[in-house]
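The values are calculated or read from the model by the stated rules, or taken from the named source; none is laboratory data. Not measured: the values here are computed from a predicted model. Using ideal geometry, Cβ is built from the backbone for each residue, glycine included, and neighbour counts are taken over all protein chains shown. Ligands, DNA and RNA are stripped out before the accessible areas are found, and what is left, the full protein with its side chains, is counted by its heavy atoms. Shrake-Rupley method; radii C 1.70, N 1.55, O 1.52, S 1.80 Å.
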Amino acid sequence: MIPAVMPTYNRADLEFERGEGAWLVAAGGRRYLDFASGIAVTGLGHAHPHLVKALTEQANKVWHTSNLFRIPGQQRLAERLAKASFADSMFFTNSGAEAVECGLKLVRKYHDETGHPERYRVITCEGGFHGRTLATIAAGGQEKHLKGFAPMVEGFDHVAYGNLNELRNAIGPETAAVLVEPVQGEGGMRAASIEYLKGLRQVCDEYGLLLFFDEVQCGMGRTGKLFAHEWEGVPPDVMAIAKALGGGFPIGACLATERAAKGMVAGSHGSTFGVSMRETLGCDSAGEMDT
């Protein structure tokens, strides 16, 4: 008999009652140092007092409002992320996969708006991981994720990670963008070289493509800078982030330059729960991040 929760996870026989900073406490009181961090999610640890306070206060004010209305907290967070990144604008989502999906739509819309609707294909890298939706498993191209979900969503061309020559050879008249993780997670914790990332920027500029970084796992301070690509000083046109963005609260975002986002107008995209408030990132009343 199938269990009430679909058996899609190969779970360990272990459950936790509470968390304290970098520690998880299991039933019975045994403590575990949490190296997984919810798979790069709990960047500030468990039960961080500032996050608990902020979320509790917000829950006692407004539980949810629609994106059909102005949301001051969302605007404040967007402005702070824009100030701290390459981006001019962003769309908030609930997860990393949704952030990547938004970016894929944005890429197509950009080329349609600029007179090249034939450009829709995206070059991605072998070993990549971009989420579990039909489009994002196709972008990743890994057989273990694709098996049983045929036909694969069309529009992705896979090349070897770190190989600029192979990438150049894959570019055709329908190519719209290059989607790359600056540091691959599923692919074996492989970090792209400075030369490779700089080469990607040069190739995209040369062929009129959008450079799309997936920093869902490697972003939000995980490499020592807010975003991994900042070590190389190579700004993308589009970027997906999530996981540690909310410190455990489900938030993702698709960031973009003004040029790349020119086609994202009213009605072009939407989300019921894609609402991010300043409290989720632990901002105090002055809008400053705790250190």
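Between residue 62 and residue 11, what length comes free when the chain is fully extended (0.36 nm per residue of separation minus the Cα-Cα distance, one decimal in nm)? Can you show the working numbers first?
Working: separation 51, 0.36 × 51 = 18.36 nm, distance 3.51 nm.
Computed gain between residue 62 and residue 11 is 14.8 nm.
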- Query: Can you give the Rg and Dmax of region 79-129 based on its C-alpha atoms, in angstrom?
  - Reply: 13.3, 35
- Take the Cα radius of gyration of region 127-208 and divide it by 2.2 N^0.38 Å, with N its residue count; two decimals is plenty. 1.12
- Task: Return, ordered by residue number, the residues of region 37-51 whose backbone nitrogen is under 18 Å from a label point located 7 Å along Cα→Cβ of residue 23.
- Result: 37-38, 44-49
- Solvent-accessible area per residue, Å², over the chain with all protein chains present [probe radius 1.4 Å]: 54
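For the chain, give the percent of accessible area contributed by carbon and sulfur heavy atoms, probe 1.4 Å, rounded to a whole number.
Values: 8590 of 15670 Å².
It is 55 percent, rounded to a whole number.
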- Message: For the chain, what does the helix formula give at 222 nm: sum of -39500 (n - 2.57) over DSSP H segments with n ≥ 4, over the residue count, nearest 500 deg cm²/dmol?
- Response: -7500 deg cm²/dmol
- Simple label model, 7 Å out from Cα along Cβ direction - residue 1 to residue 31, nm: 4.0
- Note on the structure: Taking every C-alpha to C-alpha distance in region 1-52 and binning by 10 Å from 0, the per-bin percentages run 22, 44, 27, 7, 0
- Query: At residue 144 and residue 114, where each label point lies 7 Å from the Cα along Cα→Cβ, what is the point-to-point distance in nanometres?
  - Reply: 3.7
- Query: Considering only DSSP beta bridges with both partners in the chain, what is the antiparallel share in %, to the nearest 5?
  - Reply: 55
- Between residue 206 and residue 266, what FRET efficiency follows from the Cβ-Cβ distance if R0 is 35 Å, with the result rounded to 0.05? 0.60
- Cα-based reach from residue 83 at 17 Å (exclusive), listing aspartates and glutamates while leaving out same-chain residues under 8 positions away: 230, 237, 258, 288, 290
- Using alpha-carbon pairs under 8 Å, 6+ residues apart, how would you state the relative contact order of region 2-117 in percent? 11
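How much space per residue, in cubic angstrom, does the convex hull of the C-alpha atoms of region 75-165 take up?
Numbers: hull volume 12.1 nm³, N = 91.
That works out to 133 Å³ per residue.
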- When we measure straight from the Cα of residue 198, which lysines land under 20 angstrom away, once same-chain ones fewer than 8 places off are left out? 225
- Query: Which loop-located chymotrypsin sites (Phe, Trp or Tyr not before Pro) does region 121-230 contain, where loop means any DSSP state but H, G, I, E or B and the Cβ has at most 16 other Cβ atoms within 10 Å?
  - Reply: 149
- Within region 1-75, report the chymotrypsin sites (Phe, Trp or Tyr not before Pro) that DSSP leaves as loop and that have at most 10 other Cβ atoms within 10 Å. 9, 35, 63, 69
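Would you please report the Å³ per residue occupied by the convex hull of the alpha carbon atoms in region 9-101? Before the final figure, lay out each step's value.
Values: hull volume 15.7 nm³, N = 93.
Value for region 9-101: 169 Å³ per residue.
Could I get the Rg over Rh figure for the chain? Both from C-alpha atoms, Rh via Kirkwood, rounded to two places. Display every interim value, and only then the final one.
Working: Rg = 19.6 Å, Rh = 20.2 Å.
So for the chain, dividing Rg by the Kirkwood Rh gives 0.97.
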- Task: Just tell me which lysines come within less than 18 Å, Cα to Cα, of residue 262; anything on the same chain fewer than 8 places away is out.
- Result: 105, 109
- Note on the structure: For region 109-174 the trypsin sites (Lys or Arg not before Pro) that pass both the DSSP coil test and the at-most-12 other-Cβ-within-10 Å test are 147
